[in-house]
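One structure is given below, encoded as structure tokens.
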Amino acid sequence: MIRPILTACCVLDRKKAKVGSQSRKTITEEGLHLLARRLAVACYSIGTMPDHLSALQLILTGDPALIAIVRLSLGVSFAAVVLAAAIGMPIGALLALTKFPGRTILVVLLNAMMGLPPVVVGLALYLLLSRSGPLGDLGILFTPTAMVVAQTVLILPIIAALTRQTVEDLWVEYRDELSAMNVAAVGRMTTLLWDARFSLLTALLAGFGRAAAEVGAVMIVGGNIDGFTRTMTTAVALETSKGNLPLAMGLGAVLILIVLAINAIAWGTGVWSQRLTG
Amino acid sequence: MRGPLSDLPLVLEGVSLQAGATTILDRICLTIAPGAPTLIVGPNGSGKTSLLRLCMGLAAPTSGRISWGSRTDPTPTRRAFVFQRPVMLRRAAAANVTYALAQAGAPRSQRTVRAAALLGRVGLANRAQRPARLLSGGEQQRLALARALARDPELLLLDEPTANLDPAATRAVEEIVLAAAQSGIKIVMASHDLGQVRRLAGEVLFLARGRLCERAGTSDFLDHPSTPEARAFLRGDLVI
């Protein structure tokens, strides 16, 4: 990886030497070595995290670059969950409570879309958001906004499909009671969504887990730009391909720990509040 | 919001209900007008629950015609239903009642006060903030009654509300039902407990195999049943 850059630099240097021919000294062996070393350091520090520190040290010392990456990852995935829930839950509830021709096909399609490949979502959004694409004027490609959009698209089917299943099951139990109380369509939707809140928490967690663990879509539409769109997953992919395995493993461990912690907290709140409300 | 609409009299004309080849209700003709509580009596599977569901408008008859106050629109306006196993919403007892009040169109400003009054009426004032699903079976049934009364009904339909309750809880429910009847609400209630019939009923509808076999005053029915099915049922024979 370094050799071609080095060659290019040498060529450039020779050209420079020819242009300013009188005063320039010729490139010596030592000079070349020095240049190579500097380039190597430059290449490695493209990722701002110091590679001589172990992953554990990075975590323990609260490395600002690492924290920024974690914060961006969580922020993007959290925003995606909120957006996908705001759109997906009403869709799921609507699908659970209405009957229309083609509903079964839609349900099957929605369930199938739970397994949407992230890279395909990334590619599709890339084509939409790139300069020449139909939404190119928005200028959001390679920004966190595009990453939020990508993850929203990715987890919307998960949240909508799980909501549909939950609400439909609950509707069987509630149908007579709500009909006897003459509850209108919108009221049914909101009542069922609210009364299914503990089950729906699981749907949200499934969505969050998928978003936080996904690398393909954010890589393509985010671009893995250091300090701007680099997330934990894209950083792990990068560090692995660079051969910086300790750092990759450290980031991976952080990712797993965070997902674990969020699930534990959510599960705990769920159990606790379920005990309170029955 | 409701205006002068009334759900009474409830009239069933030649109403039949079929599920596939099975006849659940067979050409029922019936008029329910204001008055003393009507108890629907009959063995299991005689069609008591189905008849009540049709009366509520929760199901549509296969043939025949049902009207509420001469309207055929099944939307419940001034009638309410208490199920054998009521479904409690996952919120506090008081919130269950305010929910019913909201659905019945009560103004927001009155809901809290009226919910408290209704909970007092069913003896659950001290359970207002308990989650409804954590109440005992008898308390849940009383909460279901409070929710039904929140609709300010003229017609209250109850499907064996005491079937799963112990005697104390049964007595509490019966007292609420009697008080409701005395306040002018028409009660139509399914039961297979003859003691309950004697305690509550003003008149009895006897159903067997989906047919309305007998309609009589309580003591007439209990002491001088006119059909062989009713005689067998009262003797304690198995009527199929």
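Only helices (runs of 4 or more DSSP H) whose full extent lies in the stretch A:87-197 are considered here, and the ones with at least 3 residues that are closer than 26 Å to residue B:100 by Cβ are A:144-180, A:185-195.
For the stretch B:71-104, taking the residues that are over 20 Å from residue B:133 (Cβ atoms) and touching a residue at least 60 places away in the same chain (Cβ under 8 Å), the one that is nearest to the other protein chains (Cβ to nearest Cβ) is identified as B:76. Given the structure, is residue B:134 crowded, with 23+ Cβ neighbours inside 10 Å and of a type in the set (A, V, I, L, M)? Criteria not met by residue B:134.
Consider the stretch B:59-70. How many of its residues are more than 16 Å from residue B:28 (Cβ to Cβ) and within 11 Å of chain A (Cβ to nearest Cβ)?
If we filter the stretch B:59-70 for residues that are more than 16 Å from residue B:28 (Cβ to Cβ), which is where we start, we get B:69-70.
Next, only the ones that are within 11 Å of chain A (Cβ to nearest Cβ) stay: none.
Number of matching residues: 0.
Looking only at the stretch A:231-278, residues that are among the hydrophobic types (A, V, I, L, M, F, W, C) and either surrounded by fewer than 16 Cβ atoms within 10 Å (Cβ to Cβ) or not assigned by TED's automatic domain parsing to the domain that holds residue A:59 (or both) come to 13 in all.
Taken over the stretch A:172-198, the residue count meeting the criterion of being more than 10 Å from every other protein chain (Cβ to nearest Cβ) and surrounded by fewer than 18 Cβ atoms within 10 Å (Cβ to Cβ) is 4. Residues that are exposed (fewer than 15 other Cβ atoms within 10 Å of the Cβ) and either more than 18 Å from residue B:30 (Cβ to Cβ) or without any contact (Cβ under 8 Å) to a residue 60 or more places away in the chain (or both) within the stretch B:198-214 comprise just one, B:198. Taking the criterion of being surrounded by 14 or more Cβ atoms within 10 Å (Cβ to Cβ), within 14 Å of chain A (Cβ to nearest Cβ) and among the charged types (D, E, K, R), would at least one residue in the stretch B:47-58 satisfy it? Yes, the stretch B:47-58 contains at least one residue that is surrounded by 14 or more Cβ atoms within 10 Å (Cβ to Cβ), within 14 Å of chain A (Cβ to nearest Cβ) and among the charged types (D, E, K, R). Residues to consider are A:47, A:92, A:62, A:75; find the one that is under 29 Å from residue A:151 (Cα atoms) and modelled with pLDDT under 50. Exactly one of A:47, A:92, A:62, A:75 is under 29 Å from residue A:151 (Cα atoms) and modelled with pLDDT under 50, namely A:47.
Return a yes/no flag: does the stretch A:236-248 have any residue that is of a type outside the set (Gly, Ala, Ser) and in contact with a Lys or Arg (Cβ under 9 Å, 6 or more places away or on another chain). Reasoning before the result, please.
We begin by selecting, within the stretch A:236-248, every residue of a type outside the set (Gly, Ala, Ser); these are A:236, A:238-240, A:242, A:244-247.
Filter once more, so that each one left must be in contact with a Lys or Arg (Cβ under 9 Å, 6 or more places away or on another chain): A:238.
Scanning the stretch A:236-248 turns up at least one residue that is of a type outside the set (Gly, Ala, Ser) and in contact with a Lys or Arg (Cβ under 9 Å, 6 or more places away or on another chain).
For the stretch B:13-31, filtering for residues that are within 20 Å of residue B:69 (Cα to Cα) and buried (at least 22 other Cβ atoms within 10 Å of the Cβ) leaves 2.
Checked against (1) modelled with pLDDT of 95 or more; (2) away from every other protein chain (no Cβ under 14 Å); (3) touching a strand residue (DSSP E or B) at 6+ places or on another chain (Cβ under 7 Å), residue B:144 meets all criteria but (2).
Evaluating residue A:139 against the criteria (1) crowded, with 20+ Cβ neighbours inside 10 Å; (2) more than 13 Å from chain B (Cβ to nearest Cβ); (3) over 28 Å from residue A:209 (Cβ atoms) leaves one unmet condition, (1). The selection criterion, being touching an Asp or Glu at 6+ places or on another chain (Cβ under 6 Å) and surrounded by 15 or more Cβ atoms within 10 Å (Cβ to Cβ), does not hold for residue A:144. Taking the condition more than 14 Å from every other protein chain (Cβ to nearest Cβ), at pLDDT 95 or above and within 26 Å of residue A:107 (Cβ to Cβ), does residue A:220 pass? Spelling it out, it is not the case that residue A:220 is more than 14 Å from every other protein chain (Cβ to nearest Cβ), at pLDDT 95 or above and within 26 Å of residue A:107 (Cβ to Cβ). Filtered by the rule that a residue be surrounded by 14 or more Cβ atoms within 10 Å (Cβ to Cβ) and of a type in the set (Asp, Glu), the stretch B:155-174 gives B:159, B:160, B:174.
The values are calculated or read from the model by the stated rules, or taken from the named source; none is laboratory data. Everything numeric here is computed off the predicted structure, so don't read it as measured data. Please note: Cβ atoms are built from the backbone with ideal geometry, for glycine as well, and neighbour counts cover all protein chains shown.
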